[in-house]
Amino acid sequence: MALWLWSCLVVLILLFVQRTQSQEVLSCNSSPRLKFDHCNVLPKLGSVLQWTYTPSKSTLSIAFAAVPPSAEGWIAWAINPTSTGMVGAQSLIAFQDGAGAVTVKTFNVSSYKSIEPSEIDFPVSNMSAEVVDSGVMRLFATIKVPPEIGTVVNQVWQVGAAVEGGVPTVHDFASDNLNSIGTLNLTTPSGSGGAIHGILNAVSWGVLFPVGVILARYVKAFEFGDPAWFYLHIGCQVSAYAIGVAGWATGLKLGSQSKGVVYTYHRNIGIALFSLATLQMFALFLRPKKEHKLRIYWSVYHRGVGLSIIVLGIINVFKGLDILIPEKKWRNAYTIALIVQGVVVVVFEAISWVLFIVKKKSKRSSRSEQTF
């Protein structure tokens, strides 16, 4: 039974990852021509911003990618030093010119009525743009950010359907278009805080919780395992919960530092995990005795919630890896840890069945001898 559940778990995770990847045109795993230190999947318009900030030079190198509504459309990214909206935005806008070449121009957006190419308040260099697969347009630039602005800036991004006379036409007024604003922390979007958040949650939801379940099922199959399995299980799950709460708290802190940048799926799964794990902790105090009539209902609740935590935990670890984009060795290490857990399940499931059959035959032999 456990082997079947583990197989279903793996299949569900693979299907989920494949489905979410197929729905995402852009992600931080997209490969621009330059290497950047940081990346955010922006919460609106399916856009991605990658950047490197050099404090000693006060320069910000960016690669902004989005899919315009049409092949003749445009994409824009801007810093607004005076407010959080469009007016005052010092914009970089990429589009195809009359000859079909992709170009980038600067626009100082001073009103909602009309815009014209103009110099912006910041020196800009290395401007270029390109169109790649699936209609994705990217713009690149290096911006000299005045130190007095600070390292947390207001950012605005947008897409539009057409360009007339070298000037972008008005964009749509859908919800995503009207809410494509936020703040950008140039120096610590994730940094060490993101690494700590990732490590805590990978250890908690991705390793300790599954290990706790494995201990509960297979240690008690051996005669020496009772009641050791119970204390190992409780210790493992309580530790996983404590570490997971710490990881959840660091996630809340990171979110407060990057307003306007929301990883919806990762956040929602994290909230669900915290809620389910908290509910699971009550199982320790609500556990009825084996002979109690409610024990069977408690077992269904306990196992159902536990399996949900394992599935969501593993999925969210991979979602987190997609966000942080660590060195490939970390994703490989976690994948190997899952494979090891799977191998342990297969081996001990086989051993537990052998022990079960041996015990069953032994009981039959004892009964036969007593009858004789």
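The values are calculated or read from the model by the stated rules, or taken from the named source; none is laboratory data. In this text, all values refer to a predicted model and were calculated from it rather than measured experimentally. Here the Cβ is made from the backbone with ideal geometry for all residues, glycine too, and neighbour counts use every protein chain on show. To get the accessible areas, we keep the full protein, side chains included, count just its heavy atoms, and leave off ligands, DNA and RNA. Shrake-Rupley method; radii C 1.70, N 1.55, O 1.52, S 1.80 Å.
Each listed q (0.13, 0.14, 0.21, 0.24 Å⁻¹) maps to a log10 I(q)/I(0) for the range 189-239, found by the Debye formula over equal Cα scatterers with no solvent: -0.40, -0.44, -0.69, -0.79.
Using the Karplus relation 6.51 cos²θ - 1.76 cosθ + 1.60 with θ = phi - 60°, the per-residue 3J(HN,Hα) values for the range 242-251 come to 4, 5, x, 5, 4, x, 5, 5, 5, x Hz, with x marking Gly and Pro.
Within the same chain, aspartates and glutamates fewer than 8 places from residue 361 are excluded, and of the rest, those with a Cα less than 18 Å from its Cα are 223, 369. A DSSP coil position with no more than 12 other Cβ atoms inside 10 Å describes the following trypsin sites (Lys or Arg not before Pro) in the range 63-145: 113. Residues in the range 220-316 average 59 Å² of solvent-accessible surface per residue, probe 1.4 Å, ligands and nucleic acids excluded.
In this label model, residue 83 and residue 187 are separated by 2.9 nm, measuring between points 7 Å along each Cα→Cβ vector.
Scattering from the range 152-221 was approximated by placing one identical point on each alpha carbon and applying the Debye formula without solvent; log10 I(q)/I(0) at 0.12, 0.14, 0.21, 0.24 1/Å stands at -0.65, -0.72, -0.94, -1.02.
The calculated FRET efficiency for residue 282 paired with residue 256, based on their beta-carbon distance and R0 = 35 Å, is about 0.75. Accessible area of residue 292 (1.4 Å probe, protein heavy atoms only, ligands and nucleic acids ignored): about 90 Å². Between residue 195 and residue 358, the contour length at 0.36 nm per residue exceeds the alpha carbon distance by 53.9 nm. Once you've got the Cα coordinates, tell me which of 220/319; 35/144; 44/329; 44/144; 35/329 are over 22 Å apart. Beyond 22 Å: 220/319; 44/329; 44/144.
Summarised in one figure, the compactness ratio Rg/Rh of the range 87-199, Cα atoms and Kirkwood Rh, is 1.00. Here the range 63-162 exposes an accessible surface that is 53 percent carbon and sulfur, computed with a 1.4 Å probe and the other protein chains kept in place. Rounded to whole numbers, the Karplus 3J(HN,Hα) couplings from phi for the range 90-107 are 8, 9, 10, 10, 10, 6, 8, 7, x, 8, x, 7, 8, 10, 10, 10, 9, 9 Hz, using 6.51 cos²θ - 1.76 cosθ + 1.60 with θ = phi - 60°, and x at Gly and Pro.
Segment residue 295..residue 130, full-extension length gain: 53.1 nm, with 0.36 nm per residue of separation and the alpha-carbon distance subtracted.
Each label was represented as a point 7 Å from its Cα along the Cα-to-Cβ direction; for residue 272 and residue 226 these points are 3.6 nm apart. Here the 3J(HN,Hα) profile of the range 150-155, calculated from phi with Karplus coefficients 6.51, -1.76 and 1.60 at θ = phi - 60°, is x, 9, 10, 10, 7, 10 Hz, Gly and Pro shown as x.
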